[in-house]
Amino acid sequence: MQQSQWSSRLGYILAAAGSAVGLGAIWKFPYVTAANGGGAFLLVFLLFSFTLGVAVLMGETLLGSLSRGVVGAMASLAGPRWRWLGAMGLLCSLLIFCFYSVVGGWTLGYTAMALSGSLNSGDGAALTARFNDYVADPLWPVLSHLAFAALAWCCVQGGVQKGVERTLRWMMPSLLVMMLLLAAVGLTLPGAMAGVRHFLLPDFDKLGMEGVLDALGLAFFSLSIGLGIHTTYGAYLPSSEGVGRSSLWVVLLASLIAVLAGLMIFPVLAATGIDPTAGPGLTFMTMPAVFQQLPFGQGLASLFFALLVVAALSSAISLLEHLQCFVSESWGWRRRSSCTLIIALVMAGGIPVSLSFGPWSGVTLFGKNIFELLDFVTSNLMMPLFGLGLTLLLGWRLGRTILPKGLGQPWQALLLGGWRWLAPLLIGGILIRGLG
Ligand code: PFF
């Protein structure tokens, strides 16, 4: 089968950064940062992203670019006994996709609400009730989820260059422009600087061990590492040359967007007196209240939710590409059919997830509903386990044979040290906490 390729390195970097930049950076990062000592959390998050994050991302990409295959990547380089690692990454991607598509659907629903002007009125309590009513409805969020999944299908079925790359080429710059615009509006509001201080000034007393581990988990999720997605994207590179530099670019862009998300959200919250530690509902419940108080609020709210759609979609694209690549390669299916199969599975799998916020909220296992269970099993168990397996494979089994050519001696030693010691120890930490 003809192996697909990126048309340029820039196209690849935008696609990989698009996978990383998503709801994790824009929706989760601000409220987790607020709860964990602002700048102190940011510092640790950046530290993890630029050490462990770069090491794992580079490892995943190298594996793909050297093996030229995706599913067989582990097996062809390390032997069939490592197949389980790739398979676990695929299963985890499918599970994440099911709940990610539901939240992606909410962003679509909220964009429609913002455009129609129905978010223009109501105080914080009314908006909270609206959010709870919206997600608990048995119909609308399910339809939004189906629409979101269908959108991902449209973007990916065209191919690596004509689908994924072409979409990401306009999505990423527009995301950046929309965020810069919203951050600029926020920063000019009276009282905005208090928000900037809250975001950037470190308060180490509020950052406990729990916060440090949260930073590690968020760095993993927000770089999309721990599933093999970057192995698939790496397989579409013409060679392994320059993988180190590209990986650094991806982490740099993803971190930049996370920081920009903070600069976009903290100042408006401070200016309007809303507590940024409001939790996961922050974006959907409180941001509309913020926009009501701004000039051109309806337009800005529509822009904000459209931005969330774009961010979520660029991550969903990577999940679909990874999964469809497995189906096409293993069973020789055409891309379009593979995409259809995966999306049908995601559509079906997302319905119970969506219903778990409403009629099926009573269906629980270990005290968690379906959504919480999927989130927990993927982020706290499967992704770290994949990361652990991958770094052990890279550090101890493949070792020097896989190091990128042209990398200086000290960098090689650093990378190898990261794979052998730093990553397994840190990831082991998250896993133990996840199980605890
Ligand atoms: N990195 C995405 C985000 O931060 O929203 C989430 C994600 C996408 C995780 C794709 C994993 C993945 F494969």
_When residues of region 132-148 are limited to those that are open to solvent by 20 Å² or more (accessible area, probe 1.4 Å) and in contact with a helix residue (DSSP H, G or I) (Cβ under 7 Å, 6 or more places away or on another chain), the one farthest from Leu23 (Cα to Cα)_ = Pro138
*Collect the residues in region 383-412 that are aliphatic (A, V, I, L, M) and at pLDDT 90 or above, keeping them in residue-number order.*
Leu388, Leu390, Leu392, Leu393, Leu394
*For Leu14, indicate whether it is under 19 Å from Glu321 (Cα atoms), within 15 Å of the ligand (Cβ to nearest atom), in a helix (DSSP H, G or I) and in contact with a Leu (Cβ under 9 Å, 6 or more places away or on another chain).*
yes
_Single match in Val327, Val310 (criterion: among the β-branched types (Val, Ile, Thr), more than 16 Å from the ligand (Cβ to nearest atom) and open to solvent by less than 50 Å² (accessible area, probe 1.4 Å))_ = Val327
*Long-range neighbours under 9 Å by Cβ, at least six apart or interchain, first residue on the phi < 0 side of the Ramachandran plot and among the basic types (Lys, Arg) within region 124-153, second open to solvent by 40 Å² or more (accessible area, probe 1.4 Å) and modelled with pLDDT under 95*: Arg130/Ser118
*With (1) of a type outside the set (Lys, Arg); (2) out of contact with any helix residue (DSSP H, G or I) (no Cβ under 8 Å at 6 or more places or on another chain); (3) farther than 21 Å from Ala114 by Cα as the list, and Pro295 as the residue in question, which single condition is left unmet?*
(3)
_Filter result (in contact (Cβ under 8 Å) with a residue 24 or more places away in the chain and either under 16 Å from Trp140 (Cα atoms) or of a type in the set (Asp, Glu) (or both)) within region 350-376_ = Gly350, Ile351, Val353, Ser354, Leu355, Phe357, Gly358, Pro359, Asp375
*Could you figure out which of (1) open to solvent by 10 Å² or more (accessible area, probe 1.4 Å); (2) of a type in the set (Ser, Thr, Tyr); (3) touching a Gly at 6+ places or on another chain (Cβ under 9 Å) isn't true of Ser93?*
(1)
*helices (runs of 4 or more DSSP H) completely within region 203-275 that count 1 or more residues being touching a residue at least 12 places away in the same chain (Cβ under 8 Å), open to solvent by less than 40 Å² (accessible area, probe 1.4 Å) and more than 16 Å from the ligand (Cβ to nearest atom)*: 209-222, 243-272
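The values are calculated or read from the model by the stated rules, or taken from the named source; none is laboratory data. The structure presented is a predicted model; accordingly, all values stated were derived computationally and were not measured. Every residue, glycine as well, gets a Cβ built from its backbone with ideal geometry; the counts of neighbours run over all protein chains shown. To get the accessible areas, we keep the full protein, side chains included, count just its heavy atoms, and leave off ligands, DNA and RNA. Shrake-Rupley method; radii C 1.70, N 1.55, O 1.52, S 1.80 Å.
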